[in-house]
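Notes to accompany the following structure.
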Amino acid sequence: VPLIGAYTLVLLAYFVKIGFTRVWPSGQLGPMILGYSSTGLIIYVLASRLENRFAVLYQRIFPKVLIPVVIMQLVSVYIRLKAYGFTESRYYIALFGIYSIVTGAVLSVQPVKKNGLIALLAAGFAIVSIIPPVDAFTVSRNSQTTRLEHMLQDAGMLEEGKLKPKQDADATLRIETTSILNYLERRNYLEDVAWLPEEFDPYSDMEKVFGFEPTYPEVSNPDFFYASLDMRKPLNIEGYDVLLRADTYYAVEKPSEPGSYDFEVGGAAYRLVVERLSAQEAKVSIRDGAGKELVATGLYDFATSLRGDSNQPKEALDADQLSLDVEGSNSRMRIIFQNINITYGSENESGASYDMYVLFDAPDQQ
């Protein structure tokens, strides 16, 4: 009980700071008060049958203090909802805030022994959250879909239920559209969006349907680049004898040792060697049983060519976009990158890491 009292003073001081600065914290206040109200209610139940001074004061004061504190939380939630719409987490934070206010009001007028109402109210609110059309998932889906529709309509890209691609859409629209579509895709809601084409894929169909590629906010480190393979699509290995999995990661303190993988094709022995030449560069080669190098290539030039003029991450790319083909002595090698991570900066900070599939077409055996 004294700890909850101390935390209440911390929250009040935080509210005073908000009042003076006129700056509302972004996404911080909701979780703080959520933890406060849930813990406070649990302690209220535990203390309700005690008669010592701390417990009695807590029983009288906490329900009345809870109401204005949670109102501040709901104001914070409202600001987030107005800016970004409902998601499941925001829905439940808002619902718990309403529940806390109702509970605080009830406990302010009901005898302490009636705290069983806390459980009954919790059950009632929980049931509401799973009954359509006011359940968390339906509300969140409708909120995000409506938000996206309004943005596209304001930009002249959605008229009478039909999309019009816009190559010169501003960065904010591109980022928000990508974010919402990814959210809907992760929850299998895209099929409920009537104006999207059937089987729309936000990773591969964005440019064709919206006129621009998926766009993401600038990462906190502007000197970082990332590219990844669309793992949902099969890899074409036609014309190659074997497929191998390899990786190599840069380390600031100690360069990694060469990695090797022995394999056979048609009874002949071969070795795949992945060797770090520097923090940025790695060499991939295939040697025959006698140790002769048949085909080899560095990786860094190809990796940096993917970056282009932007540090924007390139996610879920087709295998063709991440394939590096190399010809050797009567043999061929294709490297399909699964992930590429490049950090730019000072000599001690920069480096590149690679995850890849290596396909090898062995020389014809005479």
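Of (1) in contact (Cβ under 8 Å) with a residue 24 or more places away in the chain; (2) open to solvent by 70 Å² or more (accessible area, probe 1.4 Å), Val242 satisfies all except one. Which?
The single condition Val242 does not satisfy is (2).
Kindly indicate the residue of the stretch 267-280 that is surrounded by fewer than 17 Cβ atoms within 10 Å (Cβ to Cβ) and modelled with pLDDT of 90 or more and also farthest from Gly345 (Cα to Cα) among those meeting that condition.
Per the criteria, the residue is Gly267.
All but one of (1) at pLDDT below 90; (2) crowded, with 18+ Cβ neighbours inside 10 Å hold for Gln28, so report the exception by its number.
(2)
Which count do you get for residues in the stretch 311-358 that are in contact with a Leu (Cβ under 9 Å, 6 or more places away or on another chain), farther than 26 Å from Tyr203 by Cα and among the small types (Gly, Ala, Ser)?
Number of matching residues: 3.
Is the stretch 194-209 home to any residue that is among the hydroxyl-bearing types (Ser, Thr, Tyr) and out of contact with any strand residue (DSSP E or B) (no Cβ under 8 Å at 6 or more places or on another chain)?
No - not one qualifying residue is present in the stretch 194-209.
Table: residues versus (1) at pLDDT below 95; (2) within 29 Å of the chain's Cα centre (by Cα); (3) surrounded by 13 or more Cβ atoms within 10 Å (Cβ to Cβ); (4) within 30 Å of Lys166 (Cβ to Cβ).
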| position | (1), (2), (3), (4) |
| --- | --- |
| Ser100 | yes, no, yes, no |
| Gly104 | yes, no, yes, no |
| Ser108 | yes, no, yes, no |
| Asn115 | yes, no, yes, no |
| Ala119 | yes, no, no, no |
| Pro132 | yes, yes, no, no |
| Ser143 | no, yes, yes, yes |
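Taking the criterion of being open to solvent by 40 Å² or more (accessible area, probe 1.4 Å), farther than 16 Å from Val106 by Cβ, of a type outside the set (Gly, Ala, Ser) and touching a Gly at 6+ places or on another chain (Cβ under 6 Å), would at least one residue in the stretch 76-85 satisfy it? Break it down stepwise before answering.
Within the stretch 76-85, the first condition is being open to solvent by 40 Å² or more (accessible area, probe 1.4 Å), and the residues that meet it are 78-80, 82-84.
Right, trim to farther than 16 Å from Val106 by Cβ and you get 78-80, 82-84.
From the residues that got through so far, the ones that are of a type outside the set (Gly, Ala, Ser) too are 78-80, 82, 84.
Filter again for touching a Gly at 6+ places or on another chain (Cβ under 6 Å), leaving none.
No, because not a single residue in the stretch 76-85 is open to solvent by 40 Å² or more (accessible area, probe 1.4 Å), farther than 16 Å from Val106 by Cβ, of a type outside the set (Gly, Ala, Ser) and touching a Gly at 6+ places or on another chain (Cβ under 6 Å).
On the given criteria, is Ala55 modelled with pLDDT under 90, crowded, with 16+ Cβ neighbours inside 10 Å and among the small types (Gly, Ala, Ser)? Write out each step before concluding.
Working: modelled with pLDDT under 90: yes; crowded, with 16+ Cβ neighbours inside 10 Å: yes; among the small types (Gly, Ala, Ser): yes.
When the stated conditions are applied, Ala55 passes them.
Exactly one of these conditions fails for Ser48: (1) at pLDDT 90 or above; (2) open to solvent by less than 20 Å² (accessible area, probe 1.4 Å); (3) more than 21 Å from Tyr92 (Cβ to Cβ). Give me its number.
(1)
Got a sec? Which of Thr343, Thr297 is within 35 Å of the chain's Cα centre (by Cα), at pLDDT 90 or above and open to solvent by 10 Å² or more (accessible area, probe 1.4 Å)?
On the way: Thr343 fails: at pLDDT 90 or above.
The conditions single out Thr297.
Given the conditions (1) assigned to a strand (DSSP E or B); (2) within 27 Å of Ser179 (Cα to Cα); (3) open to solvent by 20 Å² or more (accessible area, probe 1.4 Å), report the number of the one that Gln312 does not fulfil.
Among (1) assigned to a strand (DSSP E or B); (2) within 27 Å of Ser179 (Cα to Cα); (3) open to solvent by 20 Å² or more (accessible area, probe 1.4 Å), Gln312 violates only (1).
Name the pairs: first residue in the stretch 120-144 and over 18 Å from Ala83 (Cα atoms), second residue of a type in the set (Lys, Arg) and open to solvent by 50 Å² or more (accessible area, probe 1.4 Å), Cβ to Cβ under 9 Å, at least 6 apart or on different chains?
Taking only residues 6 or more apart or on different chains, the pairs are Phe137/Arg187.
Among (1) closer than 18 Å to Ile4 by Cα; (2) in contact with a Ser or Thr (Cβ under 7 Å, 6 or more places away or on another chain), which single condition is Val56 missing?
Evaluating Val56 over (1) closer than 18 Å to Ile4 by Cα; (2) in contact with a Ser or Thr (Cβ under 7 Å, 6 or more places away or on another chain) leaves (2) as the failure.
Are any of the residues in the stretch 158-174 crowded, with 17+ Cβ neighbours inside 10 Å, part of a helix (DSSP H, G or I) and within 19 Å of the chain's Cα centre (by Cα)?
Yes, the stretch 158-174 contains a residue that is crowded, with 17+ Cβ neighbours inside 10 Å, part of a helix (DSSP H, G or I) and within 19 Å of the chain's Cα centre (by Cα).
With respect to Ala194, is the statement that it is open to solvent by 60 Å² or more (accessible area, probe 1.4 Å) and over 16 Å from Lys208 (Cβ atoms) true? Give the steps one after another, and end with the answer.
On the way: open to solvent by 60 Å² or more (accessible area, probe 1.4 Å): yes; over 16 Å from Lys208 (Cβ atoms): yes.
In short, yes.
For Ile71, state whether it is touching a residue at least 12 places away in the same chain (Cβ under 8 Å), of a type in the set (A, V, I, L, M) and within 23 Å of Ile118 (Cβ to Cβ).
Answer is yes for this residue.
The values are calculated or read from the model by the stated rules, or taken from the named source; none is laboratory data. Predicted, not measured: the structure shown is a model, and the values here were computed from it. Methodologically, a virtual Cβ is constructed for each residue, glycine included, from the backbone with ideal geometry; neighbour enumeration extends over all protein chains shown. These accessible areas exclude ligands, DNA and RNA; they are computed on the full protein's heavy atoms, side chains included. Shrake-Rupley method; radii C 1.70, N 1.55, O 1.52, S 1.80 Å.
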